[in-house]
Amino acid sequence: MIQLQNISKSYGKTLAVEEISLETAPGEIFGFIGPDGAGKTTLFRILTTLLLPDKGSAQVAGFDIIKDYKKIRNSVGYMPGRFSLYQDLSVEENLSFFASIFKTTIEENYDLVKDIYQQIEPFKKRRAGKLSGGMKQKLALSCALIHKPEVLFLDEPTTGVDAVSRKEFWDMLKNLQKKGISIIVSTPYMDEARLCDRIALMQEGKLMRIETPQQICNDYAWPLFAIKSDTFYKMMKDLEKCDELHSVFSFGEYAHISLKKTAHIENVVQYLKQNGHHGIEWTKADANIEDCFMDLMQEGA
Ligand code: ADP
């Protein structure tokens, strides 16, 4: 559905996106996963024809981002990271406005946005600026959909939104996918990665890996454990100095530790006891996307 060939973009000396090549399939929910500054927004702006790349070429829904930019604008919906809504217009006025840009009406494409828009319709006279984060997000999504795009680009749609609204949002995306819309989404939240069909892991403008979330986790190569003790902070400091470990990261109340190939968890526990730790609990852990991301980052460092 989108194809990129060696796309690069710099801002002055900052190389924001470096030689990115990839392809997504029609109907797929494809996620760009990476922390702030990874280059996600730059890539989205290039693909939605708002920014020209310095190098490379790309096609969206079969159209070239430079030659066919007008056709792309009609075929894609874009929900930028910061809300694109007009804060002084009401809910209803925002949606009518976006429909009118594309020479359509709310009524004409109501079916597509109905499930989402109905949730905010009781507030249709309220100014967009007065809506909660979750409601703004639903309105922005309705506005991005009102011209029936083939591809939807959502740039960090759940950033700053509460956990319940985030869950609802992903349910909405799954429903849109069933209606045949291809979805390209970016997020800094690693836990959202597993909700995508495939993901691209990005760091500092580079593509580290493209795969299904499951496969990325399956390919994690190190013995991984979750461990905690009564003195978490000291434990982290001590673990960083432990020879048996390949890596250590904190995950909530546990540390995720990966062991060197020849190491044993019993030796790590012994090491902690020798360093005065009590209440040590450990369990074998399955790698999640964050573990894999950290590992790829270390590899690339
Ligand atoms: P992300 O969306 O993953 O946070 P961005 O594409 O916004 O990443 O940013 C990638 C890099 O480009 C960052 O280092 C950022 O500071 C830089 N950058 C983004 N936009 C601009 C701009 N308009 N001018 C200068 N630097 C920019």
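Details
- Qualifying residue in the range 172-180 (condition: surrounded by 15 or more Cβ atoms within 10 Å (Cβ to Cβ) and either touching a Pro at 6+ places or on another chain (Cβ under 7 Å) or of a type in the set (Gly, Ala, Ser) (or both)): no
- The residues of the range 236-249 that are under 31 Å from the mean Cα position of the chain (by Cα) and more than 17 Å from residue 295 (Cβ to Cβ), listed by number, are 236, 237.
- Any hit, the range 227-242, residues being more than 30 Å from residue 115 (Cα to Cα), more than 16 Å from the ligand (Cβ to nearest atom) and part of a strand (DSSP E or B): yes
- Residues (more than 16 Å from residue 151 (Cβ to Cβ) and outside any strand (DSSP E or B)) located in the range 7-38: 12, 13, 34, 35, 36, 37, 38
- Residue count for the range 230-241 under the criterion of being at pLDDT below 95 and either crowded, with 17+ Cβ neighbours inside 10 Å or among the polar types (S, T, N, Q) (or both): the result is 1.
- Members of the range 42-86 found to be among the aliphatic types (A, V, I, L, M) and within 11 Å of the ligand (Cβ to nearest atom), listed by number: 43, 46, 51
- Residue that is surrounded by the most Cβ atoms within 10 Å (Cβ to Cβ), among those in the range 138-166 that are modelled with pLDDT under 90 and assigned to a helix (DSSP H, G or I): 166
- Filter result for residue 197 (surrounded by fewer than 20 Cβ atoms within 10 Å (Cβ to Cβ), within 23 Å of residue 166 (Cβ to Cβ) and at pLDDT below 95): no
- Of the candidates 26, 35, the single residue that is surrounded by fewer than 17 Cβ atoms within 10 Å (Cβ to Cβ) and touching a Pro at 6+ places or on another chain (Cβ under 6 Å) is 35.
- For residue 116, the criteria (1) modelled with pLDDT under 95; (2) farther than 23 Å from residue 26 by Cα; (3) crowded, with 19+ Cβ neighbours inside 10 Å hold in every case but one, which is (2).
- Selection from the range 76-107 of residues that are outside any helix (DSSP H, G or I), over 27 Å from the mean Cα position of the chain (by Cα) and surrounded by 14 or more Cβ atoms within 10 Å (Cβ to Cβ): 89, 90, 102, 104, 106
- Apart from one condition, residue 56 fits all of (1) surrounded by 14 or more Cβ atoms within 10 Å (Cβ to Cβ); (2) assigned to a helix (DSSP H, G or I); the exception is (2).
- Any hit, the range 238-250, residues being within 17 Å of residue 299 (Cβ to Cβ), in contact (Cβ under 8 Å) with a residue 60 or more places away in the chain and not charged (D, E, K, R): no
- Single residue of the range 261-290 satisfying the filter (in contact with a strand residue (DSSP E or B) (Cβ under 6 Å, 6 or more places away or on another chain) and surrounded by 13 or more Cβ atoms within 10 Å (Cβ to Cβ)) that is farthest from residue 191 (Cα to Cα): 265
- Scanning the range 59-75 for residues that are without any contact (Cβ under 8 Å) to a residue 40 or more places away in the chain, closer than 23 Å to residue 15 by Cα and buried (at least 18 other Cβ atoms within 10 Å of the Cβ) turns up just one, 65.
- Test result for residue 151, farther than 26 Å from residue 25 by Cα and not acidic (Asp, Glu): no
- Taken over the range 9-26, the criterion of being small (Gly, Ala, Ser) and either under 27 Å from residue 174 (Cβ atoms) or away from the ligand (no atom under 12 Å from the Cβ) (or both) is satisfied by 21, 25.
- Selection of the range 27-41 for residues being within 11 Å of the chain's Cα centre (by Cα) and away from the ligand (no atom under 12 Å from the Cβ) yields 29, 30, 31.
- Only a single item in (1) away from the ligand (no atom under 16 Å from the Cβ); (2) within 15 Å of the chain's Cα centre (by Cα); (3) under 27 Å from residue 59 (Cβ atoms) is not met by residue 166, and it is number (3).
The values are calculated or read from the model by the stated rules, or taken from the named source; none is laboratory data. Everything quoted here is computed from the prediction, not taken from an experiment. Cβ sites come from the backbone with ideal geometry, for glycine too, and all protein chains shown count toward neighbours.
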